[in-house]
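Only one structure is covered here, and it is reproduced in the block below.
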């Protein structure tokens, strides 16, 4: 897999995974393009809307338009301050995904990224391959419990990410996926980066544990199949027990 930079026009840049494109048509970053092809098969809502698009009979892609969260979203919405192409959010995320795949981690395959700059502001998009037959662990845990082996696999996946010195900015149960073979995938690497040292790793793992407690509290009387024994199994997989 080779990543290639393309300058489309002044202020308009793409990064392309040459396994998918030799050169990319910017139209693939447009939701309207996929809707016109009747290729939008679903969506996920977060800060913005992420579209699932059917590129072929077998390939499903994920198109995400970068948006801000919190108070800044009311003022800037999908606008970010430009500090150089290498520091734009999609270029950082795509390059990090490429590094992680090369390191053997289970992460989404990057396809292409786009940055459209005007003055000090840019807007951006990212295309990745959708993980086949996968559900996020929050969804799974509202329907069923998981075996200790799966929880150990979750811990091992986080440990492998940390051993690659990758800090996950938003490590929570909704960003961990299980496919039909119960293989663990970690997703959403926006604002994530490679980080030296080890002191931050325990805090990152604790963030995941807090997300489980938070989801359990939100569930109330609704089923959420998680217990302290599951956390112990996860920590064994990580290597903490």
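For this structure, a couple of remarks:
- Volume of the Cα convex hull of the range 3-129, divided per residue and given in Å³: 122
- Nearest-ten-degree value, helix 148-163 long axis tilted from longest Cα axis of the chain: 50
- Spacing of the two label points (7 Å from each Cα toward its C-beta) at residue 35 and residue 76, in nm: 2.6
- Hydrodynamic radius of the range 80-138 by the Kirkwood approach over all distinct alpha-carbon pairs: 12.8 Å.
- Spin-label pair residue 144/residue 60, simplified geometry with 7 Å Cα→Cβ offset, distance in nm: 1.8
- Cβ-based exposure ranking for 76, 205, in which fewest neighbours within 10 Å come first: 76, 205
- Residue order, fewest to most surrounding Cβ atoms within 10 angstrom, among 88, 222, 183: 222, 183, 88
- If the segment from residue 195 to residue 103 were pulled out straight at 0.36 nm per residue, it would be longer than the present Cα-Cα gap by 31.6 nm.
- Between helix 228-238 and the chain: long-axis angle, C-alpha atoms, 0 to 90°, nearest 10: 60
- Neighbour counting of Cβ atoms within 10 Å sorts the residues 200, 185, 61, fewest neighbours leading, into 200, 185, 61.
- Between helix 89-102 and the chain: long-axis angle, C-alpha atoms, 0 to 90°, nearest 10: 60
- The distance separating the Cα centre of the range 94-155 from that of the range 168-183 comes to 8 Å.
- The three principal axes of the Cα atoms in the chain give end-to-end lengths of 55, 42, 38 Å, sorted in falling order.
Every number in this text was worked out from the coordinates using simple rules, so none of it is lab data. Computed from a predicted structure; not experimentally measured. Counting neighbours? That spans all protein chains shown, and the Cβs are built from the backbone with ideal geometry, glycine included.
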